[in-house]
Amino acid sequence: MKFTHSSKLLAASMLLAGATSAPLAQEAADIVFTNANIHTMDEDNPTAQAVAISGNTISYVGDDAGIQSLIGDDTRVIDAQGHLMVPGFIESHSHLLVAAAAISGVIGDQRDDADNIARKVVDYATENPGDWTIFGTGLAATLLQSDSANREILDEVLPDRGIVLLDETNHNAWVNSKALELAGVTKDTPDPAGGTYVKDENGELTGIIQGSPAHIPVINASKAVTPEGLAASLPNMLEIMTSFGFTGALDMGFPLGTEAGYQALVDLDNEGKLPIRVSLAYMFNTVDLGKKVLATIEEFSQRFSSEHVWLDTLKIVGDGVTENFKAYFFEPYLDHDGSGAMNSGDEFTREAAIQAADMGFNVTTHCVGDRCNALMLDIYEEIRAAGNEDAILSTTHSWWVRREDRPRWAEANVITQTAGIWLFYRPQYATSLGQERNDTEQFPMRDWADSGAVIALGSDYPATDGGLMGLNPFNNIYSLLTRQLAPPLVGSVGEKHDPLGPADQVLTIDEAVRAYSEGSAKMMGRFDEFGSITEGKKADLIVLSQNLYEIDVEDISNTDVLLTMMDGNITYAEPGIVAGILADLDIFPIWTE
């Protein structure tokens with residue numbers, strides 16, 4: 001997906017209309033949208049027909065008649081032809097820097113078997129010669145749980161270059177012997193807390209690494225992801241984000257080239273080339289890294305700051321994932337010893353969260369298992385009981401939840417962040433956790449909404465199902481309304497099943513759009529600035545090809561973004577079929593030839 005300044009055009013259904021001069025009762029706007037179907041997410045003014053933009057600010061929200069006084073000789077008027085306009089989407093759980101590396105490396109498919117992956121590695125190595133380690137993402141977690149993925153397969157096709165391939169969760173890796181050698185990992189290397197170097201029956205390394213505390217050191221030591229590579233591929237990732245209608249993102253961190261990645265974002269912003277707002281979360285997944293992060297988070301929050309970039313959140317990787325048996329549950333797994341654990345232990349996690357909140361930072365915690373979610377609610381309730389009502393507290397993923405814990409998010413003013421794309425039936429979970437847990441504990445969306453909890457949506461890309469199709473917000477919205485796999489992912493990710501239980505735990509269209517805008521803006525701590533189409537707020541909005549409020553749910557995934565605006569700048573416009581219709585319209589200057 002590559003567009004240049006000169007080729008970015010609005011879809012043919014959106015026509016640029018000439019404006020006529022008239023006496024103005026107030027200062028003319030820079031850009032005016034008319035004839036739109038606007039769902040504002042503003043409870044005081046829920047729907048509108050027209051919106052005016054002055055600089056980077058929304059200066060009017062109302063009807064076509066009321067906006068006429070804001071149209072001057074130089075006002076750019078865009079007739080939306082009745083299309084749906086909503087606030088810009090905010091990706092509340094992204095890994096922008098790893099995503100940039102992912103789209104420039106080997107891209108796996110969840111249908112790929114070991115031989116297919118090996119062929120993709122060979123093809124990539126041929127097209128990208130050198131001695132640097134090859135990085136890849138998107139493999140099926142079930143492939144890495146099977147006996148068919150082992151280091152010998154990768155050694156055979158490419159013995160002299162390191163290979164590190166992550167599954168769709170980003171919590172497990174398949175590596176070759178060279179990568180292990182570069183990282184100094186042998187069969188005698190002890191497993192870190194929260195991680196496992198898997199061994200065969202003879203005690204030899206298989207090449208499968210479970211848990212980010214174990215595979216991240218290998219990625220770093222083998223230089224599978226470099227700061228230079230991140231900076232070079234970041235603009236391409238940002239272009240993809242704007243084409244999906246994203247005007248903001250919470251980057252949830254990944255300890256790979258952290259400082260260089262943060263600096264690349266700040267540099268782009270200072271050059272006027274960052275098309276989204278980015279809230280940075282400084283993360284840890286081990287006790288040692290946690291101590292370092294807490295010691296440097298204040299310095300980082302000052303160093304990595306610009307108009308559209310800020311760092312104000314501590315990210316704790318609480319537990320692992322169900323696929324590697326490291327998600328933290330009250331009851332044990334049925335097909336594996338144990339019930340998971342907190343990567344950094346219960347007590348250090350508690351101390352770190354409280355310390356960060358006391359320092360004035362927000363706290364978010366990766367929680368998949370029901371015990372991790374309950375534990376973090378205990379800790380967050382302790383923070384609130386101590387009188388801290390200012391820190392934004394949240395759980396990310398919030399996957400498995402006991403019924404008795406569901407009201408606690410709203411009661412303690414804790415945001416629940418999750419991904420719609422994950423709401424579909426997976427047979428392996430029933431095997432690991434039993435049918436009752438599988439059918440009753442996953443993603444209680446309706447209960448959260450009814451309790452008044454703030455819900456924020458984000459895909460966790462590239463740690464998500466379906467690759468870029470999993471990042472697509474319309475696939476996420478489909479699953480939130482149906483608890484089924486979005487149609488474009490059927491076959492590549494899984495088969496079509498009955499709705500994931502509990503089948504009644506669905507959201508409405510309006511609740512889903514609100515979670516992608518208002519909810520995520522609240523998680524960023526900036527809902528007073530953006531997240532709704534409201535006079536006085538920043539001009540962050542999108543225009544869509546279909547009216548999500550009127551179409552059949554089965555058509556939701558077919559929706560496209562026609563236009564994305566952030567801070568009053570058009571950051572994406574769908575290439576039109578009428579050449580030159582908006583050739584002179586200024587498009588945000590990030591893209592290159």
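The values are calculated or read from the model by the stated rules, or taken from the named source; none is laboratory data. Everything quoted here is computed from the prediction, not taken from an experiment. Every residue, glycine as well, gets a Cβ built from its backbone with ideal geometry; the counts of neighbours run over all protein chains shown.
Numbers below:
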| read-out | value |
| --- | --- |
| Verdict on ARG350 being of a type outside the set (Asp, Glu), at pLDDT 95 or above and under 28 Å from ASN236 (Cβ atoms) | no |
| Any chance SER517 is within 18 Å of THR416 (Cβ to Cβ), small (Gly, Ala, Ser) and either assigned to a loop (DSSP other than H, G, I, E, B) or more than 19 Å from the chain's Cα centre (by Cα) (or both) | no |
| Checking ILE533 against (1) under 22 Å from SER94 (Cα atoms); (2) at pLDDT 95 or above; (3) buried (at least 21 other Cβ atoms within 10 Å of the Cβ), the condition it does not meet | (1) |
| Residue match in the range 161-169 (condition: within 15 Å of ILE134 (Cα to Cα), crowded, with 24+ Cβ neighbours inside 10 Å and of a type in the set (D, E, K, R)) | yes |
| Residues within the range 561-593 that are assigned to a loop (DSSP other than H, G, I, E, B) and at pLDDT below 95, tallied | 20 |
| Residue match in the range 364-373 (condition: at pLDDT 95 or above, assigned by TED's automatic domain parsing to the domain that holds THR418, within 27 Å of SER301 (Cβ to Cβ) and in a loop (DSSP other than H, G, I, E, B)) | no |
| Which numbered condition GLY434 fails, given (1) small (Gly, Ala, Ser); (2) on the phi > 0 side of the Ramachandran plot; (3) in contact with a Lys or Arg (Cβ under 6 Å, 6 or more places away or on another chain) | (3) |
| Selected residue (only one of ALA391, ALA463 is in a loop (DSSP other than H, G, I, E, B) and closer than 22 Å to ASN172 by Cα) | ALA463 |
| Residues (of a type in the set (Ser, Thr, Tyr) and surrounded by 20 or more Cβ atoms within 10 Å (Cβ to Cβ)) located in the range 433-466 | SER459, TYR461, THR464 |
| Criterion (hydroxyl-bearing (Ser, Thr, Tyr), buried (at least 17 other Cβ atoms within 10 Å of the Cβ) and within 30 Å of GLU550 (Cβ to Cβ)) met by exactly one of SER92, SER104, SER54 | SER92 |
| Subset tally (residues that are part of a loop (DSSP other than H, G, I, E, B) and not charged (D, E, K, R)) for the range 101-144 | 10 |
| Test: residue in the range 493-515 that is modelled with pLDDT of 95 or more and among the basic types (Lys, Arg) | yes |
| Top-ranked residue of the range 306-321 - restricted to ones that are out of contact with any strand residue (DSSP E or B) (no Cβ under 7 Å at 6 or more places or on another chain) and surrounded by fewer than 24 Cβ atoms within 10 Å (Cβ to Cβ), ranked as farthest from MET359 (Cα to Cα) | GLU307 |
| Odd one out for THR395 among (1) under 30 Å from ALA486 (Cα atoms); (2) surrounded by fewer than 22 Cβ atoms within 10 Å (Cβ to Cβ); (3) in contact with a helix residue (DSSP H, G or I) (Cβ under 9 Å, 6 or more places away or on another chain) | (2) |
| Considering residues of the range 183-213 that are in contact (Cβ under 8 Å) with a residue 40 or more places away in the chain and in a helix (DSSP H, G or I) only, the residue surrounded by the fewest Cβ atoms within 10 Å (Cβ to Cβ) | PRO213 |
| Subset tally (residues that are touching a residue at least 12 places away in the same chain (Cβ under 8 Å), farther than 17 Å from THR349 by Cβ and of a type in the set (A, V, I, L, M)) for the range 378-436 | 8 |
| Residue selected from the range 59-88 under the condition of a type in the set (A, V, I, L, M, F, W, C) and out of contact with any Leu (no Cβ under 8 Å at 6 or more places or on another chain), by the criterion nearest to HIS308 (Cα to Cα) | VAL61 |
| Residue match in the range 408-423 (condition: touching a strand residue (DSSP E or B) at 6+ places or on another chain (Cβ under 6 Å) and assigned to a loop (DSSP other than H, G, I, E, B)) | no |
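Yes/no per residue for (1) free of Cβ contacts under 8 Å to residues at least 24 places away in the same chain; (2) surrounded by fewer than 18 Cβ atoms within 10 Å (Cβ to Cβ):
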| position | (1), (2) |
| --- | --- |
| ARG111 | no, yes |
| ASN116 | yes, yes |
| VAL121 | no, no |
| THR137 | no, no |
